[in-house]
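Encoded as structure tokens, the structure appears first; notes follow it.
The values are calculated or read from the model by the stated rules, or taken from the named source; none is laboratory data. Note that the coordinates shown come from a computational prediction; the quantities given were computed from them, not determined experimentally. Positions of Cβ are generated from backbone atoms using ideal geometry, with glycine treated the same way; all protein chains shown enter the neighbour counts.
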Amino acid sequence: MWALAAALAAAFFMLAGVAQAAPRTRANFGFDPAAPNPGDLVTFTSTSQAADGTTIVDYRWDLDGNGSFETDTGSSPTATYTYPAAATVRVRLQVTDDAGGRDGVNHWVTIGGGTDHGEGTAQAALRELWEESGIKASVGELIGPVWHRTTEFSFAGMRFWQEEDYYVLRVGEVQVTLANLDPLERDTITGYRWWSREELAATTESFFPAELPELMRLADDAS
């Protein structure tokens, strides 16, 4: 679904999404107290479900919302954390079963999606840009396509083959919102951020397509 990309400003705007597949181990958790105060010890307890015939053997937590699962509690389904100040923190859990199945793995992907009936790729890019970031632009502001590729991937238990066009859009200061996501996107998109070419080249996090650092160079050349 994230086929059509827009390169924005001096950095790539990317969405974090959890890959969906056929019936599998699924991560979930609760926490106590339900409305913690600053300084309270918060206990997180996994309510994850293992795929049929498997057992969850490893729990990894992102308790501070920095995007890394740095707290590994092994086979223990609980973790604790104290938040010193009031804040909104996106806590995440990654679980792995004894068959190697894993849930909670995030991948960074570019804005985009399939074309609707009668749309060209530029119009589709602008529509997806608004749906997935709240940013509005016109066809005349797009540069490109600067790159085209054909790819195959699995999503929601199905196999997709698609052709992709990538465009460049230069923006100033913008207000990003995920309020326009459709139901499937709300289930799979967990956040967003801006990436520089240097950050993409250095990161150990998973992102698609792998050619994004080179696309950043193309974006610079196209301006």
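Assorted remarks:
- Condition check for E128 on (1) under 22 Å from the mean Cα position of the chain (by Cα); (2) more than 22 Å from T190 (Cα to Cα): one failure, at (2).
Okay, residues lined up against (1) basic (K, R); (2) at pLDDT 90 or above; (3) loosely packed, with under 12 Cβ neighbours inside 10 Å:
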residue	(1), (2), (3)
A137	no, yes, no
H148	no, yes, yes
F155	no, no, no
F160	no, no, no
P183	no, no, yes
A202	no, no, yes
E214	no, no, no
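- Filtered residues of the stretch 34-61 (kept if closer than 12 Å to Y81 by Cα and at pLDDT 90 or above): P38, G39, D40, L41, V42, T43, F44, T45, W61
- Residue among L63, L93 that alone is touching a Gly at 6+ places or on another chain (Cβ under 8 Å) and either surrounded by 14 or more Cβ atoms within 10 Å (Cβ to Cβ) or among the small types (G, A, S) (or both): L93
- Positions within the stretch 200-213 being in contact with a Lys or Arg (Cβ under 9 Å, 6 or more places away or on another chain) and outside any loop (DSSP other than H, G, I, E, B), in sequence order: L212, P213
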